[in-house]
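**Q** Once you've had a glance at the structure underneath, I'll fire off some questions.
The values are calculated or read from the model by the stated rules, or taken from the named source; none is laboratory data. From a predicted model like this one, the values you see are computed outputs, not experimental measurements. Every residue, glycine as well, gets a Cβ built from its backbone with ideal geometry; the counts of neighbours run over all protein chains shown.
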Amino acid sequence: MHELIRFIIKISIIFFTFIHASYGGGILVGQTRVIYDADKKEASLPLSNKSEKNPFLIQSWIENGDTKTRGPFVVTPPLFRLNANEDSSLRISYTGGELPKNKESVFYINVRAIPSTPKNSLNELRLIINTRIKLFYRPSGLEGKPYDAYKLLQFSRTSGELIIKNPTQFYVVFSYLMVGTTLFKDVEMVAPGGQLIVKLPESNLSNIIEWSAINDYGGDSRPEKRVL
């Protein structure tokens, strides 16, 4: 029984340590999104190991969003060791395939950080941290500017729903969306040429919309406000 208790305590300590490390002392992914311009040969994603002593095995791949289908990109290197206090970067190359040329496409980059296992470490739980960020493939010659796309969103409401239409050729990723005083935290993004329907509480009768978007660099745009 005492051995079991010590084992549980040891697991709990290591679990907490690696959860904390993923935010401060482990692998830091240098961007929250990657923009792949079609007229360039590749894009890059910087990585840093902020740990003072622990190396990590880094495994990376790109998928379509269904977590099953790989996207038409190759990540180099797909698997490598990143030592403590070292920096590196992933190179992302487009392998070809049928992608729309009149609008952006979105994929997801997965970066899996596998911690090293010290010698003579028995009964220890090692957490594998997976970071998933968006990759936007941007064809050349699209109309308009990506940083203006969020300003062009069209809003209407009917039967307790807010309808958001995106007439641009770019994805718009929300930083936040408010209808009156109601903040909607689960509204993520609206596709180019697409629409998004947001359910409104019955008590919300406001016709004032306020929103902000996340730009190419991961920052928040200036808030926009509109009266329906």
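Conditions tested, residue by residue: (1) in contact (Cβ under 8 Å) with a residue 24 or more places away in the chain; (2) under 28 Å from L28 (Cα atoms).
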| position | (1), (2) |
| --- | --- |
| S159 | no, no |
| I197 | yes, no |
| I214 | yes, yes |
| R222 | no, yes |
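**Q** Moving on. Being closer than 30 Å to A113 by Cβ and either at pLDDT below 95 or under 21 Å from the mean Cα position of the chain (by Cα) (or both) is the requirement here; does R138 meet it? Quick ask: steps written out before the conclusion?
**A** Numbers: closer than 30 Å to A113 by Cβ: yes; either at pLDDT below 95 or under 21 Å from the mean Cα position of the chain (by Cα) (or both): yes.
For R138, the condition - closer than 30 Å to A113 by Cβ and either at pLDDT below 95 or under 21 Å from the mean Cα position of the chain (by Cα) (or both) - is met.
**Q** In the range 200-216, how many residues are modelled with pLDDT of 95 or more and out of contact with any strand residue (DSSP E or B) (no Cβ under 8 Å at 6 or more places or on another chain)?
**A** Number of matching residues: 1.
**Q** Further question on the same structure: Identify the residue in the range 6-51 that is of a type outside the set (K, R), more than 18 Å from the chain's Cα centre (by Cα) and at pLDDT 90 or above and, among all such residues, is surrounded by the fewest Cβ atoms within 10 Å (Cβ to Cβ).
**A** Per the criteria, the residue is D39.
**Q** Take the range 32-69 and flag every residue that is outside any strand (DSSP E or B) and aliphatic (A, V, I, L, M).
**A** At the first step, the residues of the range 32-69 found to be outside any strand (DSSP E or B) are 32, 38-41, 50-55, 64-69.
Within the range 32-69, just A38 meets the criteria.
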